[in-house]
Structures are given as C-alpha cells and as structure tokens.
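Read-outs throughout are calculated quantities, based only on the coordinates presented, and are distinct from any laboratory measurement. Remember, it's a predicted structure, so these values are computed and weren't measured experimentally. Note: ideal-geometry Cβ built from the backbone for every residue, glycine included; neighbour counts use all protein chains shown.
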Amino acid sequence: MTNVADLIDKARAGDGEAFRDLIAPHRRELQLHCYRMLGSFQDAEDALQDTLLSAWQGFHGFEGRASLRSWLYRIATNRCLNARRAASRRPAKAWDIPGVEPPEPTGLGEVVWLEPFPDSLLDDAFDAPLGPDALYERTQSISLAFVTAMQLLPPRQLAVLILRDVLGFEAKEVAEMLDSTVESANSALKRARAGLQRRPPFPGREPPPAAHSMQEKAIVAKFVGAYEAADLDTLVTLLTDDVFISMPPMPLEYQGRDLVVRFCAGIFGAGRRFDLLATRANGQPAFGAYLRGPGGISHGIGLIVLTLSGDRICAMTRFENTVLPWFDLPRTLPGR
C-alpha cells in the first residue's frame, strides 16, 4: 500500500493518479466548504473544480509545512473569496406560477441565490474530525437557516467564521490561510459572531427532532398527507405561529401562520393537486413536488425543504425544479 509521503513525491513529479489519490479523501468536505462559503450548490461545484485545478498546477510548490488538508482549505477559501468578490449575484426572479396570484409578502429576501445541498453527499463530507475550536454541531452548520445567515456576512468575516467556528481550525492556521495576522483574523471572527447575533440562524426555537427519528417521521407523514390532499385545516396544526416561507430565486417571503396558510390556499386553488417524493437536503426533510396534470402524469415543479422545531414546522423553503436532478429525483411521475 502506497503511503502518503510516497504519493506526495509522485504527485510533485507530475503523477496525476497519485494526486487524485491524495485529494480523494478531502474532495467532499472541500465541496461542502465551498457551499457554505457561497450558498449555491452550482457555484460550490465550480469553486471546487477551480480549487482542484489550482492545487494540481501548484502542487510542486507544496512543501509540507502545513498539512495537505490545511493547504487545500487555503486554496478553496481564497477561490471562494475571489468568486464572492467577482460575481454579480444571480438576480431575483419574478413570480412565475401561472394562474396563482400570491398575497402581499411580509418581506423580500436578500439571499436569492441560495440553493439546497443533497444529504446524499454529506456522509463523506463529514468524515474529517472537527478541530478543537469548532462551536457548531455538524447538523447546525449545514442547515438552510445557518447557510442563509452566513451569506449576509462580509466575505472575509464569513471565511474566518467557517474556518474557526464550523471547522475548528486554530487561529494561527486561519491567519496563514488568509495571508493575515492572528490579530486580524480574531478581529474578523469577533465581528462575524456579532453579525450572526444580530440575525441569529436559530432564534430561540425548540430544536428539531433527530433525523430519521419516529418524531420526525410522524411530522413528515402528516405534512405529506395534508399537502397532497390540499387539507389546509390539518396543515395549520403542523405550523408554528411564526412559520416562514421563502422561495429562492424568487425573493418573496411570508411569515406567520395565517399568511402562510393563505399562500398555500392560493397554491392549491383552481384544483391544483400535488404528489410529494421524499428526499433530504441540508440535513432536513425535503420533497420533490409534482403537479398532477392531465393524463395522470405529475410534473416536477420544485423542491420543498422543511425546517422543524419540536413537533412543528417553522419554515418551508421552495426551490425550483432545476435542482431535482441533484437529488436523483425524476422530472415526472406516472399517475397514481
């Protein structure tokens, strides 16, 4: 079995297969890091490919003073910072659901480029141990609420927060990754934490039930039954008082049980009925949503991700049908 030192020597000499073997254990966690930095699954994949290309092209300069993992995170973080600085973020999209007039929203979202991350890619991403400075649990650090809150931070503060509080890198390591001083990195971390306190991702709610637990399965089953039957009375009982709906890249946001139910009533209007196909995104229950059409075929119209609090639903995030293939969900379903 070839050891790491031998692989490094071979990769420095231009052996592409040795380089791929070295990178393989870190690939998924780097992809997830790029996603946390950028909030977009597509942008994260682009940043990951850019990172791997840069690492390959510059591997002759890897001297081993830092670990290979730290060296890769340095490249990935700086590629993501460049992407955030250079990108003109995707513009918000106008309401485009024919035959449905939405109610007046309670607000307009700032993070319209948000995209979901498939749970099927998380297992390998969570293999690496967290460092001693990590403050957030893995499930918290990938939730839609947390990823959204992080996108509102300035890019450098975001990078320091992820590297220190999410991944647990030490202050000296983070300063080296960002070509900065420890004092500057600590200052950025202090400001980032203060920024999150102003817009907390977990605002005093009861925590969600454990993934795949009986409690979670019970809530999910009730939601599916109510949604597929357009049963608003049952749906109301599943929602928290301050339940929140968002639908990037459309900026419309709705908060409060009565308004959310009005929104859902509009979606179910004119006899529109749906089938839901279960999956998971960002560590949360999610569903491909399929609109039943003539001829018994249901057409995929989006992905709904639930955020749970105790035994209730405190948020629903709806994404466009372009994300369905990332979850191995079909574009259409045969009639039931």
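Laid out as a table, the results:
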{"read-out": "Computed lengthening from residue 194 to residue 126, 0.36 nm per intervening residue step minus Cα-Cα distance", "value": "21.8 nm"}
{"read-out": "Difference of contour (0.36 nm per residue) and Cα-Cα distance, residue 49 to residue 299", "value": "86.8 nm"}
{"read-out": "Value at 222 nm in deg cm²/dmol, rounded to 500, when DSSP H runs of n ≥ 4 in the chain each add -39,500 (n - 2.57)", "value": "-13000 deg cm²/dmol"}
{"read-out": "Rounded if a/c under 1.5, otherwise prolate or oblate - region 104-195, Cα gyration tensor axes", "value": "oblate"}
{"read-out": "Loop-resident sites, region 71-125, for chymotrypsin sites (Phe, Trp or Tyr not before Pro), counting at most 16 other Cβ within 10 Å (DSSP)", "value": "95"}
{"read-out": "Gain in span if fully extended, residue 221 to residue 101, counting 0.36 nm per residue against the direct Cα distance", "value": "40.4 nm"}
{"read-out": "Filtered trypsin sites (Lys or Arg not before Pro), region 238-277: DSSP coil and at most 14 other beta carbons within 10 Å", "value": "273"}
{"read-out": "Cα-Cα P(r), the chain, percent of pairs per 10 Å interval", "value": "5, 24, 31, 22, 12, 5, 1"}
{"read-out": "Calculated SAXS-style log₁₀ I(q)/I(0) at q = 0.13, 0.31 Å⁻¹ - region 89-135, Debye, Cα scatterers", "value": "-0.63, -1.16"}
{"read-out": "Area projected by the alpha carbon convex hull of region 136-275, averaged over all directions, nm²", "value": "10.4"}
{"read-out": "Label-point separation in nm, residue 15 to residue 265, each point 7 Å along Cα→Cβ", "value": "6.9"}
{"read-out": "Neighbour-limited loop hits for GluC sites (Glu not before Pro), region 15-45 (at most 12 other Cβ within 10 Å; DSSP other than H, G, I, E, B)", "value": "none"}
{"read-out": "Stokes-Einstein D for region 38-172, Kirkwood Rh over Cα pairs, 4 °C, 1.567 mPa s (µm²/s)", "value": "76"}
{"read-out": "Calculated FRET efficiency for the pair residue 24/residue 232, C-beta based, R₀ 41 Å, to 0.05", "value": "0.25"}
{"read-out": "Region 214-333: relative contact order as a whole-number percent, Cα under 8 Å and 6+ apart", "value": "23"}
